[in-house]
Amino acid sequence: MTKRPLLLAGFIAALLHALILNELILTDNGINLNFTNISTFIGWLIALLLLLASIRRPVENLGIALLPLAAITLLAALLIPSPDSLLTINSWQMQLHVLISVLAYSLLTIAAVQALLLAVQDHHLRHRHPGGLIRSLPPLQTMEGLLFQMIGLGFTLLTLALLSGALFIEDMFAQHLVHKTALSILAWIVFATLLWGRRKFGWRGRVAIRWTLTGFITLMLAYFGSKIVLELIMG
């Protein structure tokens, strides 16, 4: 079966997801970016980026993990009560900052899933079990090249997100942003080190996978850690 019908079904699902998302996030009182809403928004954006990339790149196998994840986040937003977290964005600069930040996180999430798939592929090839899903994947070198392309683009967007935050947010180290800012900077350092190591020493394989997952976990804590504490624990 060609991937064209699968992509068409995926884009239809993404459109329906977007329509529901619009009703959840856009309210009369502002933009409701509570924990479940921001999760499903990022889940939708990850799915959309994956579908767009799949048109020209052999990354559709990542959909095995990412597309169900998007569906789960949508169900969580519909079924799990979460306190409102209204955000009024009055300037295009802040809108741009939020958009770049979410794009950076989404791309680096896809890179993290790519790293996990690369780890599984590497394990099977080392133990000479190249069957099942592994047989349908592109060659290891191609998978690794795609991983670093994603990381490079995600790192660029993360850099722009930090710079735009420094320029447009009056107090990036306010009480509710200090952990998010510090962890985002730490994640930036991790990904910068990985790209430098790749360029300088040719880092690849397990080393690249470990650094990618470390950077992603740090960034995930930055994006969701404060929301979990403020909304779900203290809420």
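What the table shows:
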| quantity | calculated |
| --- | --- |
| For residue 87, residues with placed amide H under 5 Å, excluding near neighbours | 31, 32, 33 |
| Approximate spin-label separation residue 72-residue 217, in nm, with each point projected 7 Å along Cα-to-Cβ | 1.7 nm |
| Calculated FRET efficiency for the pair residue 19/residue 142, C-beta based, R₀ 41 Å, to 0.05 | 0.70 |
| Residue-averaged 222 nm ellipticity for the chain, from DSSP H runs of 4+ at -39500 (n - 2.57), nearest 500 | -25000 deg cm²/dmol |
| With 10 Å bins from 0: P(r) over segment 8-79, alpha-carbon pairs, percent | 21, 51, 23, 6, 0 |
| Two-site label geometry, residue 65 and residue 206: point separation in nm, points 7 Å out along Cα→Cβ | 1.8 nm |
| Within the chain: Cβ-based charge dipole about Cα centre, in debye rounded to nearest 20 (Lys, Arg +1; Asp, Glu -1) | 1340 debye |
| Over the chain, relative contact order from alpha-carbon pairs under 8 Å, at least 6 apart, % | 21 percent |
| Accessible area per residue, Å², segment 1-133 with all protein chains present, probe 1.4 Å | 55 Å² |
| Approximate spin-label separation residue 127-residue 169, in nm, with each point projected 7 Å along Cα-to-Cβ | 4.2 nm |
| Alpha-carbon centroid distance for the pair segment 1-30 / segment 99-129, whole angstrom | 23 Å |
| Full-stretch length increase - residue 52, residue 11 - with 0.36 nm per residue and alpha-carbon distance subtracted | 13.9 nm |
| Structure-derived P(r) over Cα pairs in 5 Å bins from 0, in percent: which label, when the choices are (i) 1, 7, 15, 20, 22, 18, 11, 4, 1, 0; (ii) 1, 5, 9, 9, 7, 6, 5, 5, 5, 4, 4, 4, 4, 4, 3, 3, 3, 3, 3, 3, 2, 2, 2, 1, 1, 1, 0, 0; (iii) 1, 6, 13, 17, 18, 17, 13, 8, 4, 2, 0, 0 | (iii) |
| Debye log10 I(q)/I(0) at q = 0.15, 0.22 Å⁻¹ for segment 60-108, Cα point scatterers | -0.65, -0.99 |
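The values are calculated or read from the model by the stated rules, or taken from the named source; none is laboratory data. Fair warning: this is a prediction, and the values are worked out from it, not measured in the lab. Note: ideal-geometry Cβ built from the backbone for every residue, glycine included; neighbour counts use all protein chains shown. These area figures cover heavy atoms from the full protein model, side chains too; ligands, DNA and RNA do not enter into them. Shrake-Rupley method; radii C 1.70, N 1.55, O 1.52, S 1.80 Å.
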